[in-house]
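The values are calculated or read from the model by the stated rules, or taken from the named source; none is laboratory data. All values reported here derive from a predicted model rather than from experimental measurement. FYI the Cβ positions are ideal-geometry reconstructions off the backbone, even for glycines, and counts take in every protein chain you see.
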Amino acid sequence: MTTAGDVRVGIIGGGLMGRELAAVCGRWDLLVDHPARPRVVAVADPSPAAREWFDRVDTVTLATDDWRHLVEDDGIDVLYIAVPHQLHEEIYVAAAAAGRDFLGEKPFGIDLGAAERIVGAIDASDAFVRVSSEFPFYPGAQRAWAYAASGALGDVLDVRSGFWHSSDINRTKPINWKRRAETCGELGVMGDLGLHVAHVPLRLGWVPRSVYARLDDVVTERPGPDGSPVVCDTWDNALLTCTAHPERGRDFTMLWETRRIAPGHANTWYFEAVGMDGGVRFSTREPATLRRFSVREGEQVWEEVQPGNVSAWPVVSGAIFEFGFGDALLQMWAAYFAERAAALGERFGTATPHEALMAHRVFDAALRSQRTDSPQSP
């Protein structure tokens with residue numbers, strides 16, 4: 001039995017992020033007056049251990065090894081699809097063809113061709129589809145986006161957006177699917193982390209029109225299942241120097257940076273934009289601080305603002321409390337379900353399929369730039 005606002009969710013891919021969604025649904029009452037109430041009712045994963053984890057979720061009534069059962073089930077309203085990149089195209093296209101609403105993981109296809117076919121299938125369907133990207137939902141990131149969108153920067157001079165973490169800093173870490181082009185794609189780290197970096201700039205309308213890339217394969221082998229070395233054939237780190245042009249104003253330089261190997265950083269997302277009249281900086285390494293620049297009476301002033309726990313969708317927690325990754329996930333899902341219910345209003349929305357496709361075009365240009373050692377157009 002369902003009630004008003006009740007949304008039945010099926011998870012395809014019962015790994016870490018699928019489990020995170022189950023936890024998010026368990027915290028839903030933190031949101032104030034949200035129009036939806038999601039509950040996880042089904043999970044599909046080929047691994048028995050992954051399916052067994054969901055035995056603890058009392059709303060789950062179906063656990064299967066076949067994702068098709070969830071796509072075809074009219075008792076499911078929304079799918080969350082969190083599978084390796086080489087599986088995106090088949091499952092996303094099937095979900096769109098079935099008219100099933102879903103939120104898919106980035107990069108939205110193993111390569112540009114797959115992304116184009118996925119978005120084409122979505123455009124031809126009536127499914128409501130968005131893409132996972134949670135870091136812009138930190139309060140400081142929201143304030144940074146709003147400040148940049150307000151026009152307070154004046155003529156934009158320089159934009160930097162990046163995601164640094166140290167998941168691969170240990171050379172003895174065993175090989176997994178994200179370190180192999182066959183399953184992760186030639187994009188490597190750009191496919192794994194890139195949409196996080198692209199989401200805010202693209203939402204601001206800052207679309208790269210040329211890309212010069214420096215891609216780095218740092219650790220070329222990792223231990224396989226039997227301990228023997230296996231080739232790592234994906235990019236570990238990527239630095240993209242882009243030329244961008246806003247709707248109004250002059251061309252400016254924009255750097256997108258994704259690093260799996262960033263010594264000194266556990267899991268740092270950042271965004272910085274500076275113009276002639278203003279600037280803004282935010283990093284999840286200092287989540288309680290937003291830095292803002294302005295010119296006042298002829299003086300250049302950087303100030304620190306405490307954004308507090310003032311999230312896009314209001315919560316019962318007070319503004320003085322700290323905000324973390326779990327809260328960002330909750331806010332991302334709140335945005336998805338609110339937009340699906342036509343109740344998002346002017347709030348920041350989850351990444352769109354066309355934003356994911358534009359990011360793919362930039363990353364494809366980066367691959368071409370690496371091969372030719374020259375700037376390329378997306």
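Can you list residue pairs whose Cβ atoms sit under 6 Å apart, with the first residue in region 203-230 being over 21 Å from P353 (Cα atoms) and the second being of a type in the set (G, A, S) and surrounded by fewer than 17 Cβ atoms within 10 Å (Cβ to Cβ)? Count only pairs 6 or more apart in sequence or on different chains.
From region 203-230, the pairs are S210/S377; V230/G224.
Quick test for you: out of A82, A97, pick the one residue that is touching a Ser or Thr at 6+ places or on another chain (Cβ under 7 Å) and not acidic (D, E).
A97
If you take the residues of region 220-237 that are touching a helix residue (DSSP H, G or I) at 6+ places or on another chain (Cβ under 8 Å) and of a type outside the set (S, T, Y), which of them is nearest to G188 (Cα to Cα)?
W235
Which one is modelled with the highest pLDDT among residues in region 150-190 that are over 23 Å from G205 (Cα atoms) and polar (S, T, N, Q)?
This residue is T183.
Conditions (1) β-branched (V, I, T); (2) at pLDDT 95 or above; (3) not assigned by TED's automatic domain parsing to the domain that holds G151, marked per residue:
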position	(1), (2), (3)
N237	no, yes, no
A288	no, no, no
V301	yes, no, no
L329	no, yes, yes
E339	no, yes, yes
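Restricting attention to region 182-228, which residues are surrounded by fewer than 17 Cβ atoms within 10 Å (Cβ to Cβ) and either within 18 Å of the chain's Cα centre (by Cα) or in a helix (DSSP H, G or I) (or both)?
E182, T183, G205
Being surrounded by fewer than 24 Cβ atoms within 10 Å (Cβ to Cβ) and small (G, A, S) is the filter here, so list the residues in region 136-160 that pass it.
Passing the criteria: A146, A149, S150, G151, A152, G154.
Within region 23-53, work out how many residues are in contact with a Phe, Trp or Tyr (Cβ under 7 Å, 6 or more places away or on another chain) and farther than 23 Å from L344 by Cβ.
Total meeting the criteria: 2.
Cβ contacts < 7 Å: first residue closer than 17 Å to G194 by Cα, restricted to region 111-133; second residue among the aromatic types (F, W, Y), any location; separation 6+ or different chain. Result?
Short answer, once both residue conditions are applied: A115/F108; R130/Y336; V131/F108.
I'm trying to understand the selection: among the residues of region 1-51, which are touching a helix residue (DSSP H, G or I) at 6+ places or on another chain (Cβ under 7 Å), in a loop (DSSP other than H, G, I, E, B) and buried (at least 18 other Cβ atoms within 10 Å of the Cβ)?
If the condition is that a residue be touching a helix residue (DSSP H, G or I) at 6+ places or on another chain (Cβ under 7 Å), in a loop (DSSP other than H, G, I, E, B) and buried (at least 18 other Cβ atoms within 10 Å of the Cβ), then G14, H34, A36, D45 are the ones that fit.
For region 231-262, which residues satisfy the criterion of being among the hydrophobic types (A, V, I, L, M, F, W, C) and either surrounded by fewer than 16 Cβ atoms within 10 Å (Cβ to Cβ) or closer than 14 Å to A366 by Cα (or both)?
Of everything in region 231-262, those that are among the hydrophobic types (A, V, I, L, M, F, W, C) and either surrounded by fewer than 16 Cβ atoms within 10 Å (Cβ to Cβ) or closer than 14 Å to A366 by Cα (or both) turn out to be V231, W235, A238, L239, L240, C242, M254, L255, W256.
Only one residue in L240, L193, L255 is touching a residue at least 60 places away in the same chain (Cβ under 8 Å), closer than 21 Å to M358 by Cα and either of a type in the set (S, T, Y) or touching a helix residue (DSSP H, G or I) at 6+ places or on another chain (Cβ under 6 Å) (or both), so which one is that?
When all the criteria are applied, what remains is L240.
Looking at S150, S161, S166, can you tell me which residue is under 17 Å from the mean Cα position of the chain (by Cα) and of a type outside the set (D, E, K, R)?
Sole residue among the options that is under 17 Å from the mean Cα position of the chain (by Cα) and of a type outside the set (D, E, K, R): S161.
Mind checking which residues of region 263-277 are under 30 Å from A152 (Cβ atoms) and either part of a strand (DSSP E or B) or within 19 Å of the chain's Cα centre (by Cα) (or both)?
H265, N267, T268, W269, Y270, F271, E272, A273, V274, G275
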